[in-house]
Amino acid sequence: MKNKLGYLSVILALYLWQPMSQAQSYNTPITDPVRSQEILIDLIDRDGLMSVEMGESFLEYYDDYHPDQAVLASLRPLMEGLVITIVLGTWCGDSKEQLPRFLKLLDQLHYPTDEMLMIGVDSDKSARAFDVSGFDIERVPTFIFYKSDIEIGRIVESPEVSLEADLLKIVQ
């Protein structure tokens with residue numbers, strides 16, 4: 001895939017921005033102008049996911065997902081150096097379903113959470129604290145994978161086969 005240095009710049013800026021304003025930058029609630037409901041915007045962590053409507057189903061989707069262990073075994077050695085950006089909507093049904101499953105997959109791979117960003121967007125696929133237009137988000141969730149500062153693939157909305165099988169195909 002083509003080099004996405006613009007994406008790397010956004011990721012780098014977010015990593016540098018995080019320590020300076022961590023208390024204000026995570027799990028910011030707003031009322032979505034289209035849906036008239038509380039959502040989270042900008043940087044999100046797991047605690048935030050449990051604090052909104054998404055939290056009601058998070059544990060159910062997480063617990064019910066059982067990644068294929070053979071695929072996980074193939075994935076483990078390929079995860080080093082992988083950087084992940086997830087753009088999601090806490091209002092979105094696909095995000096509510098796929099994000100807990102994806103996080104369980106990462107947990108079983110022992111993926112370091114400091115190599116991942118979760119960015120919440122509103123119904124217009126916009127954030128507030130920074131411009132996400134460079135990510136070219138059409139649907140959420142969008143899982144974007146980078147190696148050596150280059151985007152190597154995406155899972156958009158739902159996997160084609162399974163989250164772990166689609167991820168294996170991307171990192172191979």
(request) Test each condition in (1) more than 30 Å from ALA129 (Cβ to Cβ); (2) surrounded by fewer than 16 Cβ atoms within 10 Å (Cβ to Cβ) for GLY81 and report the one that comes out false. (result) (1)
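For (1) more than 11 Å from ILE84 (Cα to Cα); (2) surrounded by 14 or more Cβ atoms within 10 Å (Cβ to Cβ); (3) touching a strand residue (DSSP E or B) at 6+ places or on another chain (Cβ under 7 Å), each residue gets a yes or a no:
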{"residue": "ASP114", "(1), (2), (3)": "no, no, no"}
{"residue": "SER133", "(1), (2), (3)": "yes, no, no"}
{"residue": "ILE137", "(1), (2), (3)": "yes, yes, yes"}
{"residue": "PHE145", "(1), (2), (3)": "no, yes, yes"}
{"residue": "GLY153", "(1), (2), (3)": "no, yes, yes"}
{"residue": "GLU160", "(1), (2), (3)": "yes, no, no"}
{"residue": "ASP166", "(1), (2), (3)": "yes, yes, yes"}
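Condition (residue is at pLDDT 90 or above, more than 17 Å from the chain's Cα centre (by Cα) and not in a helix (DSSP H, G or I)) applied to region 21-30: is it met by at least one residue?
Of all residues in region 21-30, those at pLDDT 90 or above come to 26-30.
Pick out the ones that are also more than 17 Å from the chain's Cα centre (by Cα) and you get 29-30.
Then drop every residue that is not not in a helix (DSSP H, G or I), which leaves 29-30.
Yes: region 21-30 contains one or more residues that are at pLDDT 90 or above, more than 17 Å from the chain's Cα centre (by Cα) and not in a helix (DSSP H, G or I).
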(message) Which pairs turn up if I take residues in region 117-136 that are basic (Lys, Arg) and look for partners that are in a strand (DSSP E or B) with beta carbon separation below 9 Å, at least 6 apart in sequence or on another chain?
(response) LYS125/VAL87; ARG128/THR28; ARG128/ILE30; ARG128/ILE41; ARG128/ASP42
(request) Output the number of residues of region 62-76 satisfying the condition of being without any contact (Cβ under 8 Å) to a residue 60 or more places away in the chain and more than 14 Å from LEU106 (Cβ to Cβ). (result) 6
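Got at least one residue in region 77-84 being more than 14 Å from PHE58 (Cα to Cα), without any contact (Cβ under 8 Å) to a residue 60 or more places away in the chain and among the charged types (D, E, K, R)? Break it down stepwise before answering.
Within region 77-84, the first condition is being more than 14 Å from PHE58 (Cα to Cα), and the residues that meet it are 77-84.
From what is left, the residues that are without any contact (Cβ under 8 Å) to a residue 60 or more places away in the chain are 77, 80.
From the residues that got through so far, the ones that are among the charged types (D, E, K, R) too are 80.
Checking region 77-84: at least one residue is more than 14 Å from PHE58 (Cα to Cα), without any contact (Cβ under 8 Å) to a residue 60 or more places away in the chain and among the charged types (D, E, K, R).
What's the total number of residues in region 32-47 that are of a type outside the set (Lys, Arg), under 18 Å from the mean Cα position of the chain (by Cα) and surrounded by fewer than 20 Cβ atoms within 10 Å (Cβ to Cβ)?
Filtering region 32-47 down to residues of a type outside the set (Lys, Arg) leaves 32-34, 36-45, 47.
From the residues that got through so far, the ones that are under 18 Å from the mean Cα position of the chain (by Cα) too are 39-45, 47.
Remaining after also requiring surrounded by fewer than 20 Cβ atoms within 10 Å (Cβ to Cβ): 45, 47.
Residues that pass the stated criteria total 2.
Being basic (Lys, Arg) and farther than 21 Å from ARG76 by Cβ narrows it down to one residue among LYS96, LYS104, LYS147; which is it?
On the way: LYS104 fails: farther than 21 Å from ARG76 by Cβ; LYS147 fails: farther than 21 Å from ARG76 by Cβ.
Residue meeting the stated conditions: LYS96.
The values are calculated or read from the model by the stated rules, or taken from the named source; none is laboratory data. Keep in mind that this is a model prediction, so the values were computed, not measured. Backbone-built Cβ (ideal geometry, glycine too); neighbour counts: all protein chains shown.
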